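*Asks:* Sharing a structure here in structure tokens format.
The values are calculated or read from the model by the stated rules, or taken from the named source; none is laboratory data. All figures in this text were calculated on a predicted structure; none of them were measured in a lab. Backbone-built Cβ (ideal geometry, glycine too); neighbour counts: all protein chains shown.
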Amino acid sequence: MFRKLTSLALLAALIAPASQARPVSYPEGWTLMLRHDAEANSAHVHYTTDPRHSIGLRLRYDREAEAFFTGAQINRLFKRWNEVDSQANFYGHIAVGQVSDQSALGRGDELGLYAGLSADWETRRYFISGAIDHWEQGDFGTKTRLHNRLGVAPYVANTGALHTWFMLESHYRPDRDEDKFGATALVRFFKGPGLLELGVDNDGAPVLNYIHRF
């Protein structure tokens, strides 16, 4: 329960005014990534060791399983395409750690494994991304999630100004018996090292993402 409350407190306390939501930053740079949605709260703090790799701590509270994951995560930039008016990226993610019970059931700890792939393409006006996440949590369950996003900027801001995006994210959860599909509407704001996303999913649950680069 303490870890659950800590993750919620981090989300509430660290909302402040990042450019892009990418898991590999510039060498020797630190990044804080926070997410809250209907399924889980998570925090990922990572350090970029070189232009293609970052490593850090991953915390995740799964509300459906009432379980908390604590582990180390490595992110790799497999490929980046830089064009005159656009950029595209392809990433891989792996995390290993411990899953602990946060319920009153007294379940024992389990080995937790996470693997994911993500890709994005954007111009100063349009944004497209896709990702797949897979969690192995022993007795706490196995989960696979697919996410896709489309975004558009209502205006093109200059460097250093406030940037705004309207985004629609789709979700597919193949391991569920029902409610496999869902969607979330989001507004993204970023300026300098901070990025904030506010949204609501099709069930009315709030979504909050925050990223800060140091």
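*Asks:* Scan the range 151-168 and tell me whether some residue there is surrounded by 15 or more Cβ atoms within 10 Å (Cβ to Cβ), within 20 Å of Ser42 (Cα to Cα) and within 17 Å of the chain's Cα centre (by Cα).
*Replies:* No, the range 151-168 has no match at all.
*Asks:* Would you check which residues across the range 12-24 are crowded, with 18+ Cβ neighbours inside 10 Å and either modelled with pLDDT under 85 or at positive phi (or both) and list them?
*Replies:* Listed by number, the residues that qualify are Ala18, Ala21, Arg22.
*Asks:* Another question, if that's okay. Collect the residues in the range 174-202 that are within 20 Å of Thr144 (Cα to Cα) and either crowded, with 17+ Cβ neighbours inside 10 Å or over 16 Å from the mean Cα position of the chain (by Cα) (or both), keeping them in residue-number order.
*Replies:* Pro174, Asp175, Arg176, Asp177, Glu178, Asp179, Lys180, Phe181, Gly182, Thr184, Asp201, Asn202
*Asks:* Of (1) modelled with pLDDT under 95; (2) of a type in the set (A, V, I, L, M); (3) within 16 Å of the chain's Cα centre (by Cα), Ala9 satisfies all except one. Which?
*Replies:* Going through (1) modelled with pLDDT under 95; (2) of a type in the set (A, V, I, L, M); (3) within 16 Å of the chain's Cα centre (by Cα) one by one, Ala9 breaks only (3).
*Asks:* Turning to a different aspect of this structure: Keeping to the range 179-205, report how many residues are part of a loop (DSSP other than H, G, I, E, B) and touching a Pro at 6+ places or on another chain (Cβ under 8 Å).
*Replies:* Residues in the range 179-205 being part of a loop (DSSP other than H, G, I, E, B) and touching a Pro at 6+ places or on another chain (Cβ under 8 Å): 2 in total.
*Asks:* Where in the range 36-145 are there strands (runs of 3 or more DSSP E), lying fully within it, with 1 or more residues that are among the hydrophobic types (A, V, I, L, M, F, W, C), surrounded by 18 or more Cβ atoms within 10 Å (Cβ to Cβ) and touching a Lys or Arg at 6+ places or on another chain (Cβ under 9 Å)?
*Replies:* Once the strands (runs of 3 or more DSSP E) in the range 36-145 are filtered for at least 1 residues that are among the hydrophobic types (A, V, I, L, M, F, W, C), surrounded by 18 or more Cβ atoms within 10 Å (Cβ to Cβ) and touching a Lys or Arg at 6+ places or on another chain (Cβ under 9 Å), what remains is 40-50, 53-62, 67-82, 87-101, 126-136.
*Asks:* Right, another one. Going by what's in this entry, would Pro27 be described as over 30 Å from Asp203 (Cα atoms), at pLDDT below 95, outside any strand (DSSP E or B) and more than 17 Å from the chain's Cα centre (by Cα)?
*Replies:* yes
*Asks:* In this structure, is Leu186 farther than 23 Å from Arg213 by Cα and not polar (S, T, N, Q)?
*Replies:* In short, no.
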